[in-house]
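Chemist: Quick one: this structure, given as structure tokens, is what I'll be asking you about.
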Amino acid sequence: MIFNKYEKVLLVAPSNFSVQLLVSDKLIKHITSVDRVFPAIYEMAPNIIIFDYDYLSDDVEKILRRIRSNSFYNKIKIYCLKNTADTKTDELLKTLGVNHVIFKNELQKQKKGGLNQVKLIFDSAFNDLLVNASA
């Protein structure tokens with residue numbers, strides 16, 4: 001599913017993402033409520049957090065500042081899933097500590113066979129899940 005060193009993924013997105021355990025040794029936890037982000041991080045200690053920016057746009061800055069200011073969370077990789085590119089917003093997200101911004105059209109291109117950074121980060125099963133949910 002995801003590179004071997006990444007075993008736990010926390011997905012913060014609307015409920016139309018239907019996430020289940022895809023591979024027996026990989027854990028994906030899906031939450032839909034902003035107030036469950038930090039309890040979920042504490043409970044599962046994820047290696048990757050994926051935020052749906054369009055769903056959390058009002059709260060994402062506050063969440064990112066809190067995550068990056070706490071040394072307990074410093075090894076977590078953070079990705080943001082967005083509909084469209086916006087240079088100002090994307091640069092702000094990177095400044096706040098997002099490791100990579102994933103655009104839904106990148107996922108669509110990857111599905112058609114293009115090799116890009118998304119394909120390098122996630123394996124095909126997880127990419128298919130994101131493409132289907134973003135459609």
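The values are calculated or read from the model by the stated rules, or taken from the named source; none is laboratory data. All values derive from a computational prediction rather than experimental measurement. Here Cβ is always computed from backbone atoms with ideal geometry, including for glycine, and neighbour counts include all displayed protein chains.
Chemist: Of the residues in segment 84-99, how many are over 20 Å from residue 69 (Cβ atoms) and surrounded by 13 or more Cβ atoms within 10 Å (Cβ to Cβ)?
Modeler: Pass one, segment 84-99, residues over 20 Å from residue 69 (Cβ atoms): 84-90.
This time we only want the ones that are surrounded by 13 or more Cβ atoms within 10 Å (Cβ to Cβ), so: 86, 89-90.
Residues meeting the conditions: 3.
Chemist: Report whether or not residue 81 is crowded, with 17+ Cβ neighbours inside 10 Å and part of a helix (DSSP H, G or I).
Modeler: Working: crowded, with 17+ Cβ neighbours inside 10 Å: yes; part of a helix (DSSP H, G or I): no.
No; evaluated as a whole, the condition is false for this residue.
Chemist: Just checking, which of 113, 97 is small (Gly, Ala, Ser) and either assigned to a strand (DSSP E or B) or at pLDDT below 90 (or both)?
Modeler: Numbers: 97 fails: either assigned to a strand (DSSP E or B) or at pLDDT below 90 (or both).
Being small (Gly, Ala, Ser) and either assigned to a strand (DSSP E or B) or at pLDDT below 90 (or both) holds for just one of 113, 97, which is 113.
Chemist: Let me ask something else about it. With the requirement that a residue be outside any strand (DSSP E or B) and surrounded by 17 or more Cβ atoms within 10 Å (Cβ to Cβ), what does segment 55-78 give you? Step through it out loud before you land on a result.
Modeler: If we filter segment 55-78 for residues that are outside any strand (DSSP E or B), which is where we start, we get 55-76.
Answer for segment 55-78, where residues must be outside any strand (DSSP E or B) and surrounded by 17 or more Cβ atoms within 10 Å (Cβ to Cβ): 55, 56, 60, 63, 64, 67, 73, 76.
Chemist: Consider only pairs whose beta carbons are under 6 Å apart and that are at least six residues apart or on different chains; among these, list those whose first residue lies in segment 58-83 and is closer than 17 Å to residue 102 by Cβ and touching a residue at least 24 places away in the same chain (Cβ under 8 Å) and whose second residue is assigned to a helix (DSSP H, G or I) and among the acidic types (Asp, Glu).
Modeler: Final answer for the pair search is 83/54.
Chemist: When segment 37-54 is examined, which residues are found to be crowded, with 17+ Cβ neighbours inside 10 Å, under 16 Å from residue 79 (Cα atoms) and out of contact with any Cys (no Cβ under 6 Å at 6 or more places or on another chain)? Spell out how you get there, then give the answer.
Modeler: So the first thing to find is which residues in segment 37-54 are crowded, with 17+ Cβ neighbours inside 10 Å, and the list is 37, 40-41, 46-53.
Imposing the further condition that a residue be under 16 Å from residue 79 (Cα atoms) reduces the set to 37, 41, 46-53.
Answer for segment 37-54, where residues must be crowded, with 17+ Cβ neighbours inside 10 Å, under 16 Å from residue 79 (Cα atoms) and out of contact with any Cys (no Cβ under 6 Å at 6 or more places or on another chain): 37, 41, 46, 47, 48, 49, 50, 52.
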